[in-house]
Amino acid sequence: QVQLVESGGGLVQPGGSLRLSCTASGFLFIPFTMYGMNWYRQAPGKERELVASISSAGGNTNYANSVKGRFTISRDNAKNLVYLQMNSLKSEDTAVYYCNAYLPRSDYWGQGTQVTVSS
């Protein structure tokens with residue numbers, strides 16, 4: 001029922017920036033405002049990695065050490081949107097990025113958006 005759709009991925013040069021968006025819908029029983037949100041990424045041949053998290057009200061955020069200081073997660077609960085602002089991109093940031101909505105006993109995933117950092 002819950003649907004998450006990522007957008008904003010693409011090809012960018014090292015040092016460049018991208019902003020990913022996640023549009024959420026279908027929250028029939030528990031509203032979007034109750035969910036914590038994550039951004040994950042997965043590069044070919046590597047484990048899925050948690051990149052950033054944000055609490056339901058947006059007051060608490062956490063980041064992987066590899067992106068801390070470069071990426072910023074935010075949300076607009078009035079619009080059911082989650083963002084990931086990515087600055088100072090590096091080649092090792094190349095991956096498919098996934099939006100994730102979570103509760104203690106449930107979680108939902110988007111289809112992913114490809115981010116490629118290359119000259």
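The values are calculated or read from the model by the stated rules, or taken from the named source; none is laboratory data. Here the structure is a predicted model, which means the values were calculated and not measured. These area figures cover heavy atoms from the full protein model, side chains too; ligands, DNA and RNA do not enter into them. Shrake-Rupley method; radii C 1.70, N 1.55, O 1.52, S 1.80 Å.
Would you confirm whether any residue within segment 3-11 is over 14 Å from ALA101 (Cα atoms), of a type in the set (A, V, I, L, M, F, W, C) and either open to solvent by 70 Å² or more (accessible area, probe 1.4 Å) or at pLDDT 95 or above (or both)?
Taking every residue of segment 3-11 in turn, at least one turns out to be over 14 Å from ALA101 (Cα atoms), of a type in the set (A, V, I, L, M, F, W, C) and either open to solvent by 70 Å² or more (accessible area, probe 1.4 Å) or at pLDDT 95 or above (or both).
Could you please let me know if GLY16 is among the small types (Gly, Ala, Ser) and more than 18 Å from the chain's Cα centre (by Cα)?
Taking the combined requirement at face value, the residue does not satisfy it.
Find the residue count for segment 7-44, including only residues that are polar (S, T, N, Q) and under 18 Å from GLU92 (Cα atoms).
Adding up the residues that qualify gives 3.
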